[in-house]
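Shown next, in structure tokens, is the structure this report addresses.
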Amino acid sequence: MKDYQKTRKTVDVSVGESVRIIRELQGLSQNQLAGLTGIPQSTLSAIENDRVSLGVERAKVIASALRCHPAVLVFPGWEIDGDQAA
């Protein structure tokens, strides 16, 4: 067992997928999120399908409605490398 190495389970998630996942975890439809943010449902759909860039300002508005930090949406796959952590 000394040669055993624990594996990491990772899943690549796009920015759009992170928005969709968090929206669904909050139990919101795209129409409901549109109502909370003032962002048209069609734009939210395009963001979730990675056809439109999220952008910083939209990330702030959506994150506020979803009660999460904007970085959760903008950097869904961010990992801190133990060797580079300060």
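Points to keep in mind about this one:
- Candidate set from the range 45-86 (those that are within 11 Å of the chain's Cα centre (by Cα) and among the small types (Gly, Ala, Ser)); member that is modelled with the lowest pLDDT: Gly77
- For the range 29-44, the condition of being surrounded by fewer than 13 Cβ atoms within 10 Å (Cβ to Cβ) and under 14 Å from the mean Cα position of the chain (by Cα) holds for none of the residues.
- Selection of the range 40-50 for residues being without any contact (Cβ under 8 Å) to a residue 24 or more places away in the chain and either assigned to a loop (DSSP other than H, G, I, E, B) or in contact with an Asp or Glu (Cβ under 8 Å, 6 or more places away or on another chain) (or both) yields only Pro40.
The values are calculated or read from the model by the stated rules, or taken from the named source; none is laboratory data. Because the structure is a prediction, the values reported are computed rather than measured. FYI the Cβ positions are ideal-geometry reconstructions off the backbone, even for glycines, and counts take in every protein chain you see.
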